[in-house]
Amino acid sequence: MAASFQPNGAARRLSGDIEPNPVALKDMCTYCFDALLEHFTGQPQQAPRFKNALCPLFVTWTKLSPSGGARLRGCIGTLDPHYIHKGLRDYALTSALHDRRFSPMSWKEVPHLQCTVSLLTNYEDADHHLDWEVGKHGLVLEFKDPQNGGRHSATYLPEIARDEGR
């Protein structure tokens, strides 16, 4: 299991049990595994052992190969702020079972999986298309198709660009 996060930006004013500056923790990855295990076994998931927060988030699954390498198996999240208790559970399952790039995960794969939780903060506009570093910055690409006028977007987390780039 791994946890990753991008440095926190300006704090939001939140009340109650909401953490204003979330940091990705290994417990968050464990919580994602628990959600997946609940899906396969029906055993209820334990309550999260970390504070709630409001932020954009992604859950990334990689599968370890017998040779020791890891390959992307699913990665889905949101750029809209979500409460992480519900968001991690929802996106753990969505990225494991509904990432269109892959077939749904099976029970047999669980022992070979790794999970990364990314909590996104500190957005900034790039000055030009080369104003970023692989492995340090993530990218959100947005464009309009000149032929049909449709809008398209893609998100590349810092670790995905580094690990999956060719």
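Values in this text are rule-based calculations from the coordinates and carry no lab data. Please read these numbers as outputs of a predicted model, since none were measured by experiment. Backbone-built Cβ (ideal geometry, glycine too); neighbour counts: all protein chains shown.
Projecting each Cα onto the charge dipole of the range 38-141 (Lys/Arg +1, Asp/Glu -1 at the beta carbon, about the Cα centre), which of HIS98, GLY138, SER67 comes out farthest on the positive side?
Of the candidates, SER67 comes out farthest on the positive side.
Tally Lys/Arg at +1 and Asp/Glu at -1 over every other residue whose Cβ is under 11 Å from the Cβ of LEU36; what's the total?
Net of charged neighbours comes to -2.
At each listed q (0.20, 0.24 Å⁻¹), what is the log10 of I(q)/I(0) that the Debye formula gives for the range 89-162 modelled as equal alpha-carbon point scatterers?
For the range 89-162, the Cα-only Debye profile gives -1.06, -1.20.
Can you work out ³J(HN,Hα) from phi for every residue in the range 36-41, in order, using Karplus 6.51 cos²θ - 1.76 cosθ + 1.60 and θ = phi - 60°, giving whole Hz and x for Gly and Pro?
5, 5, 4, 4, 7, 9
Can you tell me the equivalent ellipsoid semi-axes for the range 42-166? Use √(5λ) from the Cα gyration tensor, largest first, whole Å.
After scaling each eigenvalue by five and taking roots: 27, 19, 16 Å.
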